[in-house]
Amino acid sequence: MKSIVVIGILSLLMFSACEDELYQAPLSNRSAAEFYRNETDFEQAIVGVYNALKYHSSSNFYLSEVRSDNIYIPGLAGVREWIPVTNFSRTLVTNPLMSAAWDNPYRGILRANTVLDKLNIEAVPDASTRRAMEGEVKFLRAFFYFDLVQFFGGVPIFDRVLTPTEALEIPRSTNTEVYDFIESDLLDAIDLLPQTSEAAGKPSTIIAKALLARVYLTMSGPDYGIEGPGLGVDKKSEALTLLNDVIASGQFGPVGDYPTIFKSSTENNADIVFAIQNINDGNGGDRGIGTILPTLMYHESWARVNLPFAGGVPSDGLIIPSDQLLDSFEPNDVRDDFSILPTWIDANGGTSTDEMIIKFLDFENIPTDRFNWGTNFPVIRYTDVLMMKAEILLQNGGSQAEVDAIVNDVRARAGLDPVSNVDMDMLLEERRKEFFAEGLRFHDLVRTGKVIDVINAWIAVDDDAGVMAPMEPNFIIYPIHQNQLDVKQGLYEQNPGYN
């Protein structure tokens, strides 16, 4: 059973006084003013914070995976919202994906701030429980801000619950200030959380160290002359220390079979450091406990034949693995077969050659609707921890033998022969195939300083339709949606490069 679930309307509605999404509860239900009286109330409130994590998989799929050289979408016949994202359009300020990537993390931040503001000794007398709750919520708040800084650069920092009037006086902070806030929250979480996770999907000291290592590594990337996710500072040694702590903890380890990592029957295995927990409870309807992510990947015409419900990517905006990615897989690479369906039979009995992403399709546990897939979404895997370590060793002149060993262990699980003298390009290519569809590719290229050259070289080869604009530094981050700019004129300055 999953441990992080939505346990009823109360845990989501206690924030209704501060949010636009209002639900009418029976008068017999407790109000927000009567909440936060005991430990159970706070446990329910924290579930509401976890619920805001659900945006993460779709935003990182659209804004990192689809943005990268892993996906090619000519989009000549459609106007789907992901098409201008992949084609580096300058006209994204009213795109709904920008709004979702901004609004959903801030919804989680509001909920986290509410819990932190209300947490007190009278309601939660046990000091260790209270410390763990504080650490848990600060971990989640840092998680939300990390997504925001990667997508938008500097953003407003809300460290407590504010009135609407107060919020209208908070401008964007710099990316450095946002990282300072993230670092502070994660250092607090490392100190406050238990050493081991209390349940699947909940953070621990070691998990917080893994996330902070990724933060430090991202900060260490080049700044490209923009207010983006890279600061051009050197935090790689600090990241390496944290990664070594994760490895030495013995809490995680290699999994010998690649598909085992992702199947719902073997979820939360040793390779999973932190994953967003999703449940297919079989009751139908979007109950907020499953994920729509697989539906964002498979093709609608395939679903008509193979699934008991509608949905999927329409034919005028098919999300298809790029030719370059497909050609990069070596023969017998199990990650290719597991992640991508090369051909399939359509409703007319014909064979479609529109390749389709199936990595998160759980054929053993098909839900009753397209919103409710029970497949967990991995945020940090043990394999990623090892490969981030290899990245630092390459950059800091570490052991080549250790780098080769890390990469060859990954390749061996994929059914491939070993290689030697692994360099950064080889490491990134291995990461590309290992973490395909997990929303890391664009972030990886940005962090390692490769994004401009790699994307433009790929466009020159794969953009047969001639629809893609050249990659430039401004496109590393996204524009703030117009609905935010309209709240108060002049409060937020738009990111350059967009109109």
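The values are calculated or read from the model by the stated rules, or taken from the named source; none is laboratory data. Not measured: the values here are computed from a predicted model. Here the Cβ is made from the backbone with ideal geometry for all residues, glycine too, and neighbour counts use every protein chain on show.
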- Selection over the range 139-172 where residues are over 29 Å from Lys202 (Cα atoms) and part of a loop (DSSP other than H, G, I, E, B) yields a count of 6
- Select from the range 199-220 the residues that are under 20 Å from Leu386 (Cβ atoms) and charged (D, E, K, R) and write down the one among them that is surrounded by the fewest Cβ atoms within 10 Å (Cβ to Cβ). Arg214
- Filter the range 349-398 for residues that are hydrophobic (A, V, I, L, M, F, W, C) and over 21 Å from Glu238 (Cβ atoms) and give the result. Met356, Ile357, Ile358, Phe360, Leu361, Phe363, Ile366, Phe371, Trp373, Phe377
- Residue tally, condition charged (D, E, K, R) and at pLDDT 95 or above, over the range 245-263: 2
- Task: Could you check, for the range 231-252, whether at least one of its residues is touching a Pro at 6+ places or on another chain (Cβ under 6 Å), assigned to a loop (DSSP other than H, G, I, E, B) and either of a type in the set (Lys, Arg) or surrounded by fewer than 22 Cβ atoms within 10 Å (Cβ to Cβ) (or both)?
- Result: yes
- Task: Taking the options Leu110, Leu97, Leu92, name whichever one is over 28 Å from Ala199 (Cα atoms), out of contact with any Gly (no Cβ under 6 Å at 6 or more places or on another chain), modelled with pLDDT of 85 or more and assigned to a helix (DSSP H, G or I).
- Result: Leu97
- Note on the structure: Those residues of the range 351-386 which are free of Cβ contacts under 8 Å to residues at least 40 places away in the same chain and in a strand (DSSP E or B) amount to Thr351
- Task: Just one of (1) surrounded by 21 or more Cβ atoms within 10 Å (Cβ to Cβ); (2) under 22 Å from Asn396 (Cα atoms) trips up Ile455, so point out which.
- Result: (2)
- Item | Count of the range 316-350 residues which are part of a helix (DSSP H, G or I) and of a type in the set (S, T, N, Q) | 3
- Task: Identify, by number, the condition in (1) in contact with a His (Cβ under 8 Å, 6 or more places away or on another chain); (2) in a loop (DSSP other than H, G, I, E, B) that Pro194 doesn't meet.
- Result: (1)
- Inspect the range 314-330 for any residue being surrounded by 15 or more Cβ atoms within 10 Å (Cβ to Cβ), among the charged types (D, E, K, R) and without any contact (Cβ under 8 Å) to a residue 60 or more places away in the chain and give the result as yes or no. no
- Item | Sole exception among (1) among the β-branched types (Val, Ile, Thr); (2) in a helix (DSSP H, G or I); (3) more than 30 Å from Asp464 (Cα to Cα) for Ile121, by number | (2)
- From the list Asp180, Asp223, which residue is surrounded by fewer than 24 Cβ atoms within 10 Å (Cβ to Cβ) and assigned to a helix (DSSP H, G or I)? Asp180
- Odd one out for Gly398, checked against (1) farther than 21 Å from Leu240 by Cβ; (2) out of contact with any Asp or Glu (no Cβ under 7 Å at 6 or more places or on another chain); (3) surrounded by fewer than 18 Cβ atoms within 10 Å (Cβ to Cβ): (1)
- Please go through the range 390-408 and pick out each residue that is acidic (Asp, Glu) and within 17 Å of Leu428 (Cβ to Cβ). Glu391, Asp404
- Message: Given the criteria in contact with a Pro (Cβ under 8 Å, 6 or more places away or on another chain) and within 25 Å of Glu136 (Cα to Cα), does Leu193 qualify?
- Response: yes
- Which of (1) surrounded by 15 or more Cβ atoms within 10 Å (Cβ to Cβ); (2) at pLDDT 95 or above; (3) within 30 Å of Ser128 (Cα to Cα) is the odd one out, the single condition Thr196 does not satisfy? (1)
- Note on the structure: Residues of the range 66-89 being at positive phi and either at pLDDT 95 or above or not in a loop (DSSP other than H, G, I, E, B) (or both), in sequence order, are Phe88
- Task: From Leu76, Leu63, Leu116, grab the single residue that is aliphatic (A, V, I, L, M) and under 22 Å from Ala167 (Cα atoms).
- Result: Leu116
